[in-house]
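Below is one structure; the comments refer to it alone.
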Amino acid sequence: MEERKTMGMEAAVAELERVQNQILERISKLELNYLPQNDVSAAVSVTSPQSTCDTQARLSNILRSNSVNDFLFKKVPADYYDWSLDSRRDILAAASIDHLCKSIVLVRRQLNLPAWVQEVEESYYKDSVASTIIPGLLIDSQANQNFSYRDGILRKDGVIYVGSFGDLRQKLIEEAHSSVMGGHSGVKGTMKRLQLFFGWDTMLKEVNTQAAPNVIDCSDRNNSKYYVVVVQYTARFNAETVKNFCICSTMARYQKRNSTVMRLAPEETSISLTGYEHNAVTCIGMKTDIPVILDEAIVKLNPDFFWLGGGEIDLKLGIKTPEFIKFVKPFIVSCS
């Protein structure tokens, strides 16, 4: 009888210990999920495995050596990207789903257009009208009722505007006047035919999308072939605004520019440039120093602490926005 009683007590103690362990495990998970975001040292000690992964250690050293202290890493399950944004928010203890962000690599390509189109674009350099009108139209296409701007060409009342830089205006007048089309019919007749010629929209047809040879690398952050753009998962990314930003950033310099388009870089190109695979891309510690564009909506988030890829598919990085900006020095552009 005593032996049975003893065995029963041992079984009860074992069951109690099992339940206690379950409770402690749940408490640990709750502490992990609701840990304050500015408690960096605690976060790293809780979430890091006993042997800290090389990527986390490397990126942590890069951040700390650049005076970034308000950040933390969190491991996530392998099926993290199969979860809803709400579930991802919960496991990261993010302030909202708007605080979940991603980094994408864009390649800047050019549309190779006829030579006369390139010359028209070059004629805008230092032209007072083009320099004033084009930036305004890039922000608001309806800003000026007399002008429109599309595919790198400025039009006034539907007619292509030729800038004052270079000798293109004179070349066009001479060509129209002396050719069979002009028929030496005087200034008015020549300009009328010239106007009709430049109203021929099909000449703007794309030929191919090969990158222009003058845009070859990332060394000039104002004229880079590639950009890393950080946007929210909840945002609708607008590549057109990024393209317009690239145009504006090079307006002040004379160079041959075809019409710019922004495209998502092929996955193998992204991996080669950043050193990170899909769903692991971060702009910290990339193999190539690619210029970064940060969506303005992220800067306006409250609290100012957002999440992005951490260099591995199952590793996420949370970081204080002002410290990220101070270290990465991104272009801040409204691109969503």
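The values are calculated or read from the model by the stated rules, or taken from the named source; none is laboratory data. These numbers were taken from a predicted model, which means no experiment stands behind them. Positions of Cβ are backbone-derived with ideal geometry, glycine not excepted, and every protein chain shown enters the neighbour counts.
Residues in region 91-109 that are buried (at least 18 other Cβ atoms within 10 Å of the Cβ) and of a type in the set (S, T, N, Q): S103 alone. State which residue is nearest to S336 (Cα to Cα) when the search covers only region 228-242 and only residues that are modelled with pLDDT of 85 or more and aliphatic (A, V, I, L, M). It comes out as A235. Considering every residue within region 44-60, establish whether at least one is assigned to a strand (DSSP E or B), surrounded by 16 or more Cβ atoms within 10 Å (Cβ to Cβ) and modelled with pLDDT under 90. No, there is no match, as no residue in region 44-60 is assigned to a strand (DSSP E or B), surrounded by 16 or more Cβ atoms within 10 Å (Cβ to Cβ) and modelled with pLDDT under 90.
The set of residues from region 93-116 being under 30 Å from C218 (Cβ atoms), modelled with pLDDT of 95 or more and in a helix (DSSP H, G or I) comprises D98, H99.
Counting only residues that are surrounded by fewer than 21 Cβ atoms within 10 Å (Cβ to Cβ) and in contact (Cβ under 8 Å) with a residue 60 or more places away in the chain, region 313-336 holds 11 of them. Restricting the first member to region 224-241 and to residues that are at positive phi, and the second to residues that are hydrophobic (A, V, I, L, M, F, W, C), no beta-carbon pair is closer than 6 Å while six or more apart or on different chains.
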